[in-house]
Amino acid sequence: MSSLTRIGRASDVPLLEGRSVIVDGRRIAVFHTADGWRALAGVCPHEGGPLADGIVAKRCVTCPLHGWRFDLDTGVAVNADARVASYEIVERRGELWLRLPQAGLAAAA
C-alpha cells in the first residue's frame, strides 16, 4: 500500500522540463512530457547529476553531467547499465501528487 503526497502545482513545471522536489527525504525529479507526467529518482547514479535539470526528449531524460539517458517510464538507462527508481505521479485539478511505495517496498525498488 502507498499514499499520495502533494508536491506542487502543475503550472510550476513547463512542458518538456523537469523540477526537483524532496518527498520523504528523497530527491525526486518531476517531468512534464507531451504524454503527461513522469517522476524518477532525482540523482543520476553515475556522478550524482541532477536529473531534473536534464534535457527531455524521445521519452527520456539526459543527465546534464555526462549524458546518461533514462527512460521516463521505467527509469532504465538506455545507454548505460543503470537504473533509477520511477514513481507514479497524478495531476488532479491543477495539483501534482506523487505516490511513493511503502518503506519496505522502496528498499526493493
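Since every read-out is calculated from the coordinates, none of them should be taken as a lab result. Because the structure is predicted, anything quoted here is derived from the model rather than measured. Cβ atoms come from the backbone with ideal geometry, glycine included; neighbour counts cover every protein chain shown.
Annotation: of all residues in segment 78-100 being within 22 Å of G8 (Cα to Cα) and free of Cβ contacts under 8 Å to residues at least 24 places away in the same chain, the one that is surrounded by the fewest Cβ atoms within 10 Å (Cβ to Cβ) is R93. Remark: pairs (first residue in segment 18-38, within 20 Å of P64 (Cβ to Cβ); second residue assigned to a strand (DSSP E or B) and among the acidic types (D, E); Cβ separation under 8 Å; 6+ apart in sequence or on different chains) = F31/E17; H32/E17. Only residues that are assigned to a loop (DSSP other than H, G, I, E, B) and either charged (D, E, K, R) or closer than 15 Å to W97 by Cα (or both) were counted across segment 14-43, and they come to 2. Residues of segment 44-65 that are closer than 24 Å to P101 by Cα and in contact with a Lys or Arg (Cβ under 6 Å, 6 or more places away or on another chain): A52, C60.
Among the residues of segment 49-77, the ones that are aliphatic (A, V, I, L, M), touching a Cys at 6+ places or on another chain (Cβ under 8 Å) and either closer than 22 Å to A10 by Cα or exposed (fewer than 14 other Cβ atoms within 10 Å of the Cβ) (or both) come to 2 in all.
The set of residues from segment 83-103 being part of a loop (DSSP other than H, G, I, E, B), under 15 Å from the mean Cα position of the chain (by Cα) and more than 13 Å from V23 (Cα to Cα) comprises V84, A85.
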